[in-house]
Amino acid sequence: MATFLVFEPADQARTQAAAERVVFLREKFSFWAFLLTPFWLLRYRLWLAFLVWLVVFVAINLVGGWLGFGPFAGIAASFFPSLLFGMEAANLRGKKLVRKGYRDAGVVIAEDIETAERRFFETWKDVPATTPKASPPGYPEMKFAVAAEQNVIGMFPTPG
């Protein structure tokens with residue numbers, strides 16, 4: 001089973017045109033973001049993340065040269081930032097979508113993208129996008145016990 005992050009346009013009503021702009025991001029390790037980190041970051045226009053990667057890459061190589069390691073040691077050490085970008089690829093793209101005016105519409109667990117889309121859009125029309133108290137589709141309705149009201153310490157709803 002795969003987990004998909006769902007983002008929808010925040011400023012539009014839930015119409016067919018808005019449904020075409022809904023974005024599904026599979027939450028998994030991105031091999032291409034790991035292998036070709038700078039090119040992947042530029043392809044998805046993640047400029048700030050690219051600058052961070054560039055600074056870290058240059059710093060690793062400069063510190064490696066200063067300590068007397070060869071150029072290959074610096075390249076090998078730059079493996080770790082690329083590994084981090086490979087693991088955080090979906091979250092980086094999701095944060096960019098939020099900055100572009102999308103909102104986090106939920107999480108869908110499904111075998112593939114087609115099943116995820118079907119599960120999401122089955123309940124999509126039922127929850128208005130402008131309702132602030134409604135849970136987005138994919139999120140269960142959550143109710144938390146307040147410890148001050150029940151004199152309970154921790155996460156348990158009743159003493160004992």
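The values are calculated or read from the model by the stated rules, or taken from the named source; none is laboratory data. Just so it is clear, the structure is predicted and the values come from calculations on it, not from any experiment. FYI the Cβ positions are ideal-geometry reconstructions off the backbone, even for glycines, and counts take in every protein chain you see. These area figures cover heavy atoms from the full protein model, side chains too; ligands, DNA and RNA do not enter into them. Shrake-Rupley method; radii C 1.70, N 1.55, O 1.52, S 1.80 Å.
Here are a few things to note about the model shown:
- Counted residues, region 2-20 - those being at pLDDT below 85, of a type outside the set (Gly, Ala, Ser) and either part of a helix (DSSP H, G or I) or on the phi > 0 side of the Ramachandran plot (or both): 1
- Selection of region 47-61 for residues being open to solvent by 70 Å² or more (accessible area, probe 1.4 Å), within 16 Å of LYS96 (Cβ to Cβ) and among the aliphatic types (A, V, I, L, M) yields LEU48, LEU51, VAL52.
- Filter result (touching a helix residue (DSSP H, G or I) at 6+ places or on another chain (Cβ under 6 Å) and either on the phi > 0 side of the Ramachandran plot or part of a strand (DSSP E or B) (or both)) within region 25-48: LEU25
- Checking each residue in region 98-124 for being of a type outside the set (Lys, Arg), part of a helix (DSSP H, G or I) and surrounded by fewer than 18 Cβ atoms within 10 Å (Cβ to Cβ) picks out VAL98, ILE113, GLU114, THR115, PHE121, GLU122, THR123.
So that you can scan it fast, the table gives a plain yes or no per residue for (1) of a type in the set (S, T, N, Q); (2) surrounded by 15 or more Cβ atoms within 10 Å (Cβ to Cβ); (3) in contact (Cβ under 8 Å) with a residue 40 or more places away in the chain; (4) in contact with a Lys or Arg (Cβ under 6 Å, 6 or more places away or on another chain):
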position: ALA17; (1), (2), (3), (4): no, no, no, no
position: PHE24; (1), (2), (3), (4): no, yes, yes, no
position: PHE34; (1), (2), (3), (4): no, yes, yes, no
position: ARG45; (1), (2), (3), (4): no, no, yes, no
position: ALA76; (1), (2), (3), (4): no, no, no, no
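- Any chance GLY138 is on the phi > 0 side of the Ramachandran plot, small (Gly, Ala, Ser), at pLDDT below 65 and surrounded by 13 or more Cβ atoms within 10 Å (Cβ to Cβ): yes
- The residues of region 1-15 that are open to solvent by less than 50 Å² (accessible area, probe 1.4 Å) and in contact with a strand residue (DSSP E or B) (Cβ under 7 Å, 6 or more places away or on another chain), listed by number, are ALA2, THR3, PHE4, LEU5, VAL6, PHE7, GLU8, PRO9.
- Yes/no for GLY68 being modelled with pLDDT of 80 or more, open to solvent by less than 100 Å² (accessible area, probe 1.4 Å) and part of a loop (DSSP other than H, G, I, E, B): yes
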